[in-house]
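Structure first, commentary second.
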Amino acid sequence: MKDWEYRLAEHRGTLTALAIFVVMFIIYTANHPAGFTANVIQTAANKGVLLAFVAMAQTMVVITAGIDLSVGMIFLLTNCLASWLVVGSPLETAFGVLVVLAVGALCGATNGAIVIYGRLQPIVATIATGAVYFGIALLLRPFPGGSVNEHLADALTGRIFAVVPASLVALAAVVLLIWVPFSRSVYGRAAYAAGSSETSAYMSGMPIRRGKLLAYTLSGLVAALGGLFLTFFTYTGDAAFASGNAYTLFSIAAVVLGGVSLFGGKGSAIGAVFGALAFRTIGDLLFVFDLDPLWQPLFQGLILLAAISLGALALFRVRNRLEWFL
Amino acid sequence: MTRATERKQGFMRSLDPAVLTAFGCIVLLLVLGSFYSRSFLSPEYLLQQLKVASFLGIIATGMMLVVLLGQIDLSVPWTVATGAMMACAAAAYGPLGTTLAIPFGILCGIGIGLFNGVGVAYLRIPSMIVTLATNAVAQGVMVVYTGGFSPQDSATAAMRYLATGALIPGIPNVVFIWALIGAAMVFLLRRTGFGRAVYGIGNRERAAYLSGINTRRIVMTAFAASGGLSAFGGVLLAGYASKAAQSMGDAYLLPAIAAVVLGGTSILGGRGSYLGTVAGVILITLLQSILSVTQMPEAGRQIIYGVVIILMLLLYGRAPASR
Amino acid sequence: MENGGPLFRMEGISKRYGGVRALENAGLSVRAGAIHAVLGENGAGKSTLIKIMAGVVAADEGQMTLDAQPVKFASPAAANAAGIACVFQELSLIPELSVADNIVISNPPTRFGMIDRKAQRRIAEEALARAGAADIHPLALVKDLPLSRKQIVEIAKALARKPRILILDEATSALTAADVSKVFAVLKRLRAEGLALVYISHRMNEIAELADDCTVFRNGSKVASYAAGTRSDAEVIEMMIGREYHSVYPPKPGRLAQIAPVLETRNLSWADRLHDISFSLRSGEIVGLGGLDGQGQRDLLLALFGVLRGLRGTVLVDGSPISIGSPAQARRHGIGMALIPEDRKTEGLMQPMTVRDNLSLASLDRLTRGGIIDRAKEESAINQMMTLLAIKAGNIDAPVGALSGGNQQKVVIAKWLMRQPRIILLNDPTRGIDVGTKQEIYLLLRRLADEGAAILFYSTDYAELIGCCDRVLVLYDGTVKRELAGAEITERALIASALNIPSAEPTQREPAQ
C-alpha cells in the first residue's frame, strides 16, 4: 500500500461523513424553494453549527472510551449564564465570554475528575452531573429570558463578505485552534491511546490521566462555545430540559455518523462536525419535501437507529464468537 | 454447619455496606424530616410515600434486571409514556379495548424492550446507544400518534382502580402490586436458572457463554422484561393521573438508575440485591418528598439529586484501583 | 566495558500478590554487551522480576542499582528514562494507532507543542530498520498487522527509546520461523553495539544460540547463575524443575484398544489460523496438543467447542458429522463436550460469585425444573464434586475469587464434570497453579479417561504432555506437524517437531554394519 492509501484509510470515517453531508445538502438545496442562496446556507449553517459544537465536545470524551451524557446540559447551563453575562460594553462582553467558557471548561473538568480520580463509570457520573448542571441552569433562568450583546451576536451569526456564514468560520476556527492542536499533542494521543487500550497505554508510560482530563475539560469548553452561539442565535437563555436532552442524544448520533467509534480510540472531531451537519440536513429534508413537522422526531430517531445499525455490520465479519464479549 | 445458619450467613452477606448505607440514609432522612414536621413519622405519611415509591419501584425493578447484566436502559422515559398512551388509546376502542387496555400497554413496552434486546444481544450495539435510539423512535411514534398534543383518551376504570384503589383497606393496590413484582423478582434472581445466568452474564459474559449459557436470549429477555415493567409503570401512572401525558416518563429515568445504583447494584453488572433496590427507591422517594415539602424549587432538587448520587457512588461505587 | 562491574543489579527482591508469593529474595545481575537468559518454569517468577525491573510493578523489598547507583522506578516511564526498555509478552501496543505512533509513543518528537509527524516518521523508519523490519509501513494501523509483525513493532518500539538495557519477555513466542531468525540477527547486532539484553524464553535451543549468561529461577527465587554453555540441558532442566519429574504422573495404560473414535475431525480449517487438521479421539484416551504457544491449539479447542464461525472441514461425533454452533450445543446430551478454558479469571469463573454459583453455572439446565433451581439436587451435585476433586473451600457461599489458584482451577474443572462430559477439552489447565494440585489434576484426568472419557489436553508444559498423554499431536502454524504415540513422546521429539525441525531425532539407530 502507498502512503496515500493509508491516509485515506485513516480518514475514511471523516470522508464518509463529509460525503453524506454533501449529498444530503445537495438534495436539500435542490429542493429548497429558495434554492442555493446565501440566506439558505446561513440559516442551515446556524442550525448545524450548534450541534456541531456539541458533537465536537462529545467526540473528545468518546475517544477516551467514555461518554458524556451531561454535554447537552453544559450547553444549556452556559447558554443561561451567557444570557446574564455577555452583555454591556465590549470589555464587559469579553469578560462575560471568558467566564462562560471557563465555566464550561470547569464543568468538563469536573466530569473528568469524577471519572478519572473518582473511578466512576462515565455514564452514571455524567447522568448525575448533568442533573446538577441542569439544576444550575434552572437556577439561573427559571423562565426563558435575558439578553446578549447584539452587536457581537449579529456579527457572529451573520455573513462575512455577504456570502460566508460567520458561524461556519467560527466553527472552523475552533476546529483549527482547539481540536487540531489537541489531537496532535502528546496529551491528545494519550487520550486516544487510553480509549483504544488503557492497559497498553499505561504500560507504555503515557500520561493517560492528564490526557483524559484535558479531553474532558476541552469537551466542556467546546460545549460552552456551543452554548454561547445558542445565546447569539436566540438572544435569550432558556433552561429547557428537553432541548438539553435532545442535544445530548443528537451529539451521539452525530458522533456515530462521523465515524467516531463509541468504543474509543478512533475517529476525529472533524468527522463528528460533518456528522452533525449531515444529521441536521437530513432532519430538515422533511421541510423541503413539505412533510408535516410532526414527523421530525420520528425521522430523526430512525436516522439515529440506522446510523448505529451500520456500526453493527462489522459484527458479521467477526469469526471468533468470543470477540463479541470484548 | 447447619443449613439454617448457612442461609442466615447468606442473608447477612446480601446486606452489603451499600444496602446498609441506603437504609441508614432512609432513617436519617426521616429523622431530619421529623425535625421539620412531626407528621413525617406518621403512618399516613409513610404509607403515602410508599404509594408514591411504588411507581418508581416497578420501573426500577426492570432497570435493575438490565443493570445486573452490565447494561443500561435509557429508553425508560418514552417506554413509560408509550405504555400509558397506548393503554389509554386502547380504552377508546369499546369494551374489548377497555378490557385489553392494560395488557396492550404492557405489550407495547415489551415490544420496545425486545427491540432493545435484539440490538444489544444480537447486534452487539452498546445498550446505552440502542436504548437512546429506541427512546427517540418511541417518542417520534408517540408524537405522530398524538399529533403533538396531550392525548385526549383517558385511563380505564381498571387502571384507575389499580393505581388509586385499595383492595385491602389501608394498603393501596399499587403498593401491593409492587410487593408482588418485588417478590417475583427476588424469586427470579435467587431461585431460578435465569437469575443465576443474569448474575453470571453480568460478571463475565464470556465465561457465561463458554459455560453453555444462551447469553443472548437471556439478555434479550431481560430487556423485554424491563420494557414491560416500564410500560406497566406508565399504565399505572396514567391510572393515577386519569390520563397519559407527553413527558410523563422523563421524571423516572434518572431516579430509576439512581435507585438501583444507590441500592448497591454495580453499574458494571453482576452484583446487587433486590433489597438494595427497594432501599434505593424509598430513599429517592423520601428525598424527593422532603425537597418538595421544604418548598425546594425544581432547580435545587436537581442539584441535590446529582450531588447525592455522586457522593454515594464515591463512597462505595468505585472501580478498583488499577495498580 | 568488558570486565567492568555489572551494569544493572537487583538484590533481595521480594513481591507478594495478595497472599501468594511471586518472588522471594530474588536477584539478577546483567552486564553490558551480553545477552542474559532468564530461565524457569511457568510461574517461577520471571515475569514478575522483569515487571519490577521495568517499573510496571513495585517490589515489596529489595534494592536495584544501575551503574552502581541505587535506583527506584515508580512507573514504566521512569524505567524508560533510566534506559530500560521492555518488550512484553502481552503486547503493549495501542491497536487503533499507527505503527509510527506506537513506536514513538512514550516520547514523541514535538514542534510547538504538537507532535512532529515528519520527525516521528523518520524515527519510526529508523527503528523499524534497526529491528530488521523495514518492510512494515509506518502508517499501517497496528490492529491490521498479524501477531508476528506486531511483536516486531514492539521490539522496534523498545529500540526507538535508545535503551541501554533491553528486556525481551517471550518475545519470540508468537513469531514465525523466518521472523525468529531475523530477530536473532538483530539481537546479536545489539549485543555487539554494547546493549545489555535480558532474554526470557522457554526454548532451550534459542538460549543455546543467543545467551552469554544464564540465571535459573524456581518458585520465586534464584537457583543459579552461570556462563552459557557450562551446564548441560539435563542439568538446567533439573535446576528448573528441581525434582524428578516422572514420579508425579499416574501410570499409563499402555496400548489402547482400537475402538471407534468418539470425536474425529477431517480437514478442519479456520481463517488463516487452522489448516487441514485431521485427528481422532477415542474413549479412554488422553491426547495431548503440543507445539509452541500460539500455533493454533487454542483455536482448535474453540473450533471444536462451537465458538468459531466459518469453519471448513468436518467434525464427527460418534462417527456422524455434526455442526456445533455454540458452547450450548456442544454440551448437549448427544455430544457431551466440555471445555476447560485457558484463563480462569475471564473465561472460566465469575470471580465475585460464590463457589456454589460457579459450580452450578454450566449445569443450570440439569439442576432446574421448570426454570426453578432444585436446591436439594444442586446441593448433592456440589457435594459430590467437592469430594471428588477435594476442593478446599471454607464456605461454598464465599466468593470463588477468595480461593487459591489451584482450588479455583478445580472449581472450573468441577463445574464441567458435574455434567459428566464424554469429551473433555482442556486448554492449559495447570498454568499458574501449585505442584500438588497439578498432580491431583493428572490423576483425575487419568481416572476420567479410565472411566470412559475422551480427553484432548493442550499444555504449554512439555513434561505434562510426556507424563500424561497417550498420544500427542504437535501443532505448528495451524496444522498437525507430527503425531507422537507411546514411547515416541520425548522432550526431544516434542521440541524438534514444535520447531518444525525435520530430523532432530537423536541418532537412535547405529548405522547398519
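Report, by residue number, each residue of segment A:198-220 that is surrounded by fewer than 24 Cβ atoms within 10 Å (Cβ to Cβ) and touching a Gly at 6+ places or on another chain (Cβ under 7 Å).
Within segment A:198-220, A:Leu213, A:Thr217 qualify.
I'm told C:Val248 meets every condition in (1) among the aliphatic types (A, V, I, L, M); (2) farther than 29 Å from C:Gln439 by Cβ; (3) not assigned by TED's automatic domain parsing to the domain that holds C:Glu483 except one. Can you identify the failing condition by its number?
Going through the list (1) among the aliphatic types (A, V, I, L, M); (2) farther than 29 Å from C:Gln439 by Cβ; (3) not assigned by TED's automatic domain parsing to the domain that holds C:Glu483, C:Val248 breaks only (2).
Go through the residues of segment A:36-55 one by one and say whether even a single one is among the aromatic types (Phe, Trp, Tyr) and surrounded by fewer than 21 Cβ atoms within 10 Å (Cβ to Cβ).
Here is the first cut: in segment A:36-55, the ones among the aromatic types (Phe, Trp, Tyr) are A:36, A:53.
Those still in the list that are surrounded by fewer than 21 Cβ atoms within 10 Å (Cβ to Cβ) too: A:36.
Yes, there is a match, as at least one residue in segment A:36-55 is among the aromatic types (Phe, Trp, Tyr) and surrounded by fewer than 21 Cβ atoms within 10 Å (Cβ to Cβ).
What are the residues in segment B:268-303 that are free of Cβ contacts under 8 Å to residues at least 24 places away in the same chain, part of a helix (DSSP H, G or I) and more than 13 Å from chain A (Cβ to nearest Cβ), if any?
Selection gives B:Ser292 alone.
In this structure, is A:Ile136 within 29 Å of A:Ile252 (Cα to Cα), aliphatic (A, V, I, L, M) and within 20 Å of the chain's Cα centre (by Cα)? Let's see the steps before the verdict.
Details: within 29 Å of A:Ile252 (Cα to Cα): yes; aliphatic (A, V, I, L, M): yes; within 20 Å of the chain's Cα centre (by Cα): no.
Considered against the rule, which asks whether it is within 29 Å of A:Ile252 (Cα to Cα), aliphatic (A, V, I, L, M) and within 20 Å of the chain's Cα centre (by Cα), A:Ile136 comes out as no.
Quick check: is even one residue across segment C:283-299 touching a Leu at 6+ places or on another chain (Cβ under 6 Å), polar (S, T, N, Q) and assigned by TED's automatic domain parsing to the domain that holds C:Leu425?
yes
Do the conditions hold for C:Glu347, that is, is it assigned to a loop (DSSP other than H, G, I, E, B) and acidic (Asp, Glu)? Break it down stepwise before answering.
Details: assigned to a loop (DSSP other than H, G, I, E, B): no; acidic (Asp, Glu): yes.
In short, no.
Listed residues B:Leu287, B:Leu291, B:Leu262; which is crowded, with 24+ Cβ neighbours inside 10 Å and modelled with pLDDT under 90?
Values: B:Leu287 fails: crowded, with 24+ Cβ neighbours inside 10 Å; B:Leu291 fails: crowded, with 24+ Cβ neighbours inside 10 Å.
Exactly one of B:Leu287, B:Leu291, B:Leu262 is crowded, with 24+ Cβ neighbours inside 10 Å and modelled with pLDDT under 90, namely B:Leu262.
One line per residue, one yes/no per condition, for (1) under 22 Å from C:Lys377 (Cα atoms); (2) facing another protein chain (nearest Cβ under 9 Å); (3) of a type in the set (A, V, I, L, M, F, W, C); (4) assigned to a loop (DSSP other than H, G, I, E, B):
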{"position": "C:Asp299", "(1), (2), (3), (4)": "no, yes, no, no"}
{"position": "C:Gly306", "(1), (2), (3), (4)": "no, yes, no, yes"}
{"position": "C:Val315", "(1), (2), (3), (4)": "no, no, yes, no"}
{"position": "C:Asp365", "(1), (2), (3), (4)": "yes, yes, no, no"}
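Looking at segment B:168-213, which of the residues that are outside any helix (DSSP H, G or I) and within 21 Å of B:Leu69 (Cβ to Cβ) is farthest from the other protein chains (Cβ to nearest Cβ)?
The extreme case among them is B:Ile213.
Tell me which of these A:Gly267 doesn't satisfy, since it passes every other one: (1) within 25 Å of A:Gln121 (Cβ to Cβ); (2) within 11 Å of chain B (Cβ to nearest Cβ).
(2)
I need the full set of residues from segment B:222-263 which are within 18 Å of B:Gly117 (Cβ to Cβ) and either without any contact (Cβ under 8 Å) to a residue 40 or more places away in the chain or of a type in the set (Phe, Trp, Tyr) (or both), in order please.
B:Phe223, B:Phe232
Could you say whether any residue in segment A:76-85 is surrounded by 21 or more Cβ atoms within 10 Å (Cβ to Cβ), closer than 20 Å to A:Leu249 by Cα, at pLDDT 95 or above and under 14 Å from the mean Cα position of the chain (by Cα)?
For segment A:76-85, residues surrounded by 21 or more Cβ atoms within 10 Å (Cβ to Cβ), closer than 20 Å to A:Leu249 by Cα, at pLDDT 95 or above and under 14 Å from the mean Cα position of the chain (by Cα): present.
Could you list, in sequence order, all residues of segment C:430-452 that are buried (at least 17 other Cβ atoms within 10 Å of the Cβ) and modelled with pLDDT of 90 or more?
If the condition is that a residue be buried (at least 17 other Cβ atoms within 10 Å of the Cβ) and modelled with pLDDT of 90 or more, then C:Ile441, C:Tyr442, C:Leu444, C:Leu445, C:Arg446, C:Leu448, C:Ala449 are the ones that fit.
Return yes when A:Ala65 is assigned to a loop (DSSP other than H, G, I, E, B) and without any contact (Cβ under 8 Å) to a residue 24 or more places away in the chain and no when it is not. Walk me through it before giving the result.
Numbers: assigned to a loop (DSSP other than H, G, I, E, B): yes; without any contact (Cβ under 8 Å) to a residue 24 or more places away in the chain: no.
Spelling it out, it is not the case that A:Ala65 is assigned to a loop (DSSP other than H, G, I, E, B) and without any contact (Cβ under 8 Å) to a residue 24 or more places away in the chain.
Here is a yes/no grid of residues against (1) of a type in the set (A, V, I, L, M); (2) within 23 Å of C:Ala156 (Cβ to Cβ); (3) without any contact (Cβ under 8 Å) to a residue 24 or more places away in the chain:
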| site | (1), (2), (3) |
| --- | --- |
| C:Ala34 | yes, yes, no |
| C:Gly45 | no, no, no |
| C:Leu66 | yes, no, no |
| C:Gln69 | no, no, yes |
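Can you tell me which residue is farthest from the other protein chains (Cβ to nearest Cβ) among those in segment B:224-267 that are of a type in the set (Ser, Thr, Tyr) and more than 10 Å from the chain's Cα centre (by Cα)? Break it down stepwise before answering.
Kept after step one, since they are of a type in the set (Ser, Thr, Tyr), are these residues of segment B:224-267: B:226, B:230, B:240, B:242, B:247, B:252, B:265-266.
Those still in the list that are more than 10 Å from the chain's Cα centre (by Cα) too: B:240, B:242, B:247, B:265-266.
Numbers: B:Tyr240: 22, B:Ser242: 24, B:Ser247: 7, B:Thr265: 11, B:Ser266: 9 Å.
The qualifying residue farthest from the other protein chains (Cβ to nearest Cβ) is B:Ser242.
Restricting to segment B:157-167, and then to whatever is touching a Phe, Trp or Tyr at 6+ places or on another chain (Cβ under 9 Å) and not in a helix (DSSP H, G or I), can you tell me which residue is nearest to the other protein chains (Cβ to nearest Cβ)?
B:Leu167
Select from segment A:285-298 the residues that are more than 7 Å from every other protein chain (Cβ to nearest Cβ) and in a helix (DSSP H, G or I) and write down the one among them that is surrounded by the fewest Cβ atoms within 10 Å (Cβ to Cβ). Step through it out loud before you land on a result.
So in segment A:285-298, the residues more than 7 Å from every other protein chain (Cβ to nearest Cβ) come out as A:285-293, A:296.
Of the ones still in play, those that are also in a helix (DSSP H, G or I) are A:285-288, A:293, A:296.
Numbers: A:Leu285: 19, A:Leu286: 17, A:Phe287: 14, A:Val288: 17, A:Pro293: 11, A:Gln296: 18.
In this case the residue turns out to be A:Pro293.
Residues of segment A:221-257 being within 14 Å of another protein chain (Cβ to nearest Cβ) and outside any helix (DSSP H, G or I), which ones?
A:Gly237, A:Asp238, A:Ala239, A:Ala240
Sort out which residues of segment B:10-39 are without any contact (Cβ under 8 Å) to a residue 40 or more places away in the chain and either touching a helix residue (DSSP H, G or I) at 6+ places or on another chain (Cβ under 6 Å) or under 26 Å from B:Gly234 (Cβ atoms) (or both), and write them in order of number. Full working, then the answer.
First, pick out the residues of segment B:10-39 that are without any contact (Cβ under 8 Å) to a residue 40 or more places away in the chain: B:10-13, B:20, B:24, B:27-28, B:31, B:34-35, B:38-39.
B:Ser34, B:Ser39 - these are the residues of segment B:10-39 that are without any contact (Cβ under 8 Å) to a residue 40 or more places away in the chain and either touching a helix residue (DSSP H, G or I) at 6+ places or on another chain (Cβ under 6 Å) or under 26 Å from B:Gly234 (Cβ atoms) (or both).
This table checks each residue for (1) of a type in the set (D, E, K, R); (2) within 14 Å of chain C (Cβ to nearest Cβ); (3) on the phi > 0 side of the Ramachandran plot.
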| position | (1), (2), (3) |
| --- | --- |
| A:Gly13 | no, yes, no |
| A:Ile20 | no, no, no |
| A:Ile26 | no, no, no |
| A:Gly35 | no, no, yes |
| A:Ile41 | no, no, no |
| A:Leu50 | no, no, no |
| A:Val71 | no, no, no |
| A:Leu77 | no, no, no |
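Which ones in segment B:143-160 are hydrophobic (A, V, I, L, M, F, W, C) and crowded, with 22+ Cβ neighbours inside 10 Å? Break it down stepwise before answering.
The first filter runs over segment B:143-160 and keeps only residues hydrophobic (A, V, I, L, M, F, W, C), leaving B:143-144, B:149, B:155, B:157-159.
Hits for segment B:143-160 are B:Ala155, B:Met159.
All but one of (1) assigned by TED's automatic domain parsing to the domain that holds C:Ala271; (2) of a type outside the set (Phe, Trp, Tyr); (3) farther than 25 Å from C:Asp365 by Cα hold for C:Leu443; which doesn't?
Exception for C:Leu443: condition (1).
Check off (1) more than 9 Å from chain B (Cβ to nearest Cβ); (2) part of a helix (DSSP H, G or I); (3) in contact with a Lys or Arg (Cβ under 7 Å, 6 or more places away or on another chain) for C:Ile391 and give me the number that stays unchecked.
(2)
Having 1 or more residues that are over 27 Å from C:Ala185 (Cα atoms), more than 11 Å from chain A (Cβ to nearest Cβ) and at pLDDT 85 or above is the bar; report the strands (runs of 3 or more DSSP E) wholly within segment C:46-143 that clear it. Can you show your working first?
On the way: elements: C:61-66, C:69-71, C:84-87.
Once the strands (runs of 3 or more DSSP E) in segment C:46-143 are filtered for at least 1 residues that are over 27 Å from C:Ala185 (Cα atoms), more than 11 Å from chain A (Cβ to nearest Cβ) and at pLDDT 85 or above, what remains is C:61-66, C:69-71.
Determine whether segment B:169-178 contains at least one residue that is closer than 25 Å to B:Leu114 by Cα and crowded, with 22+ Cβ neighbours inside 10 Å. Spell out how you get there, then give the answer.
Looking only at segment B:169-178, we keep the residues that are closer than 25 Å to B:Leu114 by Cα, and these are B:177-178.
Right, trim to crowded, with 22+ Cβ neighbours inside 10 Å and you get B:178.
Taking every residue of segment B:169-178 in turn, at least one turns out to be closer than 25 Å to B:Leu114 by Cα and crowded, with 22+ Cβ neighbours inside 10 Å.
So for segment B:180-194 (the condition being over 30 Å from C:Asp343 (Cβ atoms), at pLDDT below 95 and crowded, with 17+ Cβ neighbours inside 10 Å), does at least one residue qualify?
Scanning segment B:180-194, I find no residue that is over 30 Å from C:Asp343 (Cβ atoms), at pLDDT below 95 and crowded, with 17+ Cβ neighbours inside 10 Å, so the answer is no.
The values are calculated or read from the model by the stated rules, or taken from the named source; none is laboratory data. The model shown is predicted, which means the values in this text are computed figures rather than measured ones. As a convention, Cβ positions derive from the backbone with ideal geometry for all residues, glycine included, and neighbour counts pool all protein chains shown.
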